[in-house]
Amino acid sequence: MMHLGVNIDHVATLRQARYAGMLDSHNTEPSVLDAAKAALLGGADSITLHVREDRRHMQDEDAFAVRREIPLPLNLEMGATPAMLAVALRLRPDFVCLVPERRQEVTTEGGLDVVSRMEELRPLVKALLDNGSKVSMFIDPDLAQVEASAAIGAPMIELHTGRFANTLGAERLAETQRLIEAAKVGYAAGLEIHAGHGIQVANLADLAAVPHLTELNIGHTLIARSIFVGLQQAVREMKEAIAVQQWLA
Ligand code: PXP
């Protein structure tokens with residue numbers, strides 16, 4: 001069964017837009033914890049949140065509260081830095097997804113360059129694994145990045161589906177092909193294969209061509225849909241749409 005990881009970062013983005021600096025105030029909203037509860041009730045298989053180096057959205061306390069209160073696996077997205085490693089070692093999330101981080105970007109753009117950072121990433125991955133967190137590398141569907149991820153001992157990769165999502169026609173076909181190749185090479189290397197970024201109900205049918213996927217990490221579209229139907233319902237609809245694709249496959 002395909003797992004759905006629900007990324008609730010945008011709930012913190014909305015909260016911070018109004019209440020940064022007054023998070024303990026009686027009127028602070030929306031609640032990240034309530035969002036995680038709604039995702040749980042909607043059928044999420046895990047909760048994903050990204051604690052950024054500059055803490056502009058999720059705060060450390062959000063991650064610890066979700067870890068404490070929500071009986072679902074927690075997937076922490078983080079930049080590959082010593083400071084974030086220290087947070088992850090205390091939090092002990094079930095999963096850590098290492099992502100590139102540039103302060104200027106609104107959301108994560110582009111995959112992690114594992115190839116050029118192998119020696120730096122290898123001990124970080126080992127420290128996380130030794131601490132009980134399963135690690136994935138968020139990478140572009142590039143064979144060298146897949147092979148480098150396997151070589152440094154990461155058990156999982158999350159393939160960046162941003163370009164796939166943002167294109168149509170021949171470009172989408174070409175990007176789907178890259179995802180297919182990357183998934184095959186990763187699977188052959190013993191990696192668990194996830195996908196994330198820009199996934200929507202409307203592109204699930206095309207994504208279903210990619211083999212070996214076991215988890216989709218989805219955020220933006222769920223929060224967008226939740227404005228109209230609530231988060232629990234938005235997650236439920238996505239679970240149903242994923243189930244239909246698997247049934248068709
Ligand atoms: N996976 C990773 C590593 C991400 O950084 C993000 C957010 O950019 C997502 C998945 C979810 O992407 P989206 O919000 O476009 O669904």
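The lone criterion from (1) surrounded by fewer than 23 Cβ atoms within 10 Å (Cβ to Cβ); (2) within 16 Å of the ligand (Cβ to nearest atom); (3) within 22 Å of residue 91 (Cβ to Cβ) left unmet by residue 130 is number (2).
Output yes when any residue across the stretch 84-100 is surrounded by fewer than 14 Cβ atoms within 10 Å (Cβ to Cβ), more than 15 Å from the ligand (Cβ to nearest atom) and not charged (D, E, K, R), and no when none is. Yes, some residue in the stretch 84-100 is surrounded by fewer than 14 Cβ atoms within 10 Å (Cβ to Cβ), more than 15 Å from the ligand (Cβ to nearest atom) and not charged (D, E, K, R). Residues in the stretch 198-216 that are within 14 Å of the ligand (Cβ to nearest atom) and assigned to a helix (DSSP H, G or I): 201, 202, 203, 204, 207.
Would you pick out the residues in the stretch 44-58 that are open to solvent by less than 30 Å² (accessible area, probe 1.4 Å) and either of a type in the set (Gly, Ala, Ser) or out of contact with any Ser or Thr (no Cβ under 8 Å at 6 or more places or on another chain) (or both)? Correct list: 44, 46, 47, 48, 49, 51, 52, 58. Within the stretch 36-43, not a single residue is in contact (Cβ under 8 Å) with a residue 40 or more places away in the chain, within 16 Å of the ligand (Cβ to nearest atom) and surrounded by fewer than 18 Cβ atoms within 10 Å (Cβ to Cβ).
Among all positions in the stretch 124-139, there is at least one residue which is closer than 17 Å to residue 6 by Cα and out of contact with any Pro (no Cβ under 7 Å at 6 or more places or on another chain). The number of residues in the stretch 160-190 that are within 16 Å of the ligand (Cβ to nearest atom), outside any helix (DSSP H, G or I) and either free of Cβ contacts under 8 Å to residues at least 24 places away in the same chain or within 14 Å of residue 98 (Cβ to Cβ) (or both) comes to 2.
The values are calculated or read from the model by the stated rules, or taken from the named source; none is laboratory data. Computed from a prediction, not measured in an experiment: that's the story for all the values here. Neighbour counts are summed over all protein chains in view; Cβ atoms, including those assigned to glycine, are modelled from backbone coordinates with ideal geometry. Protein only, heavy atoms only, side chains kept; ligands, DNA and RNA dropped before computing areas. Shrake-Rupley method; radii C 1.70, N 1.55, O 1.52, S 1.80 Å.
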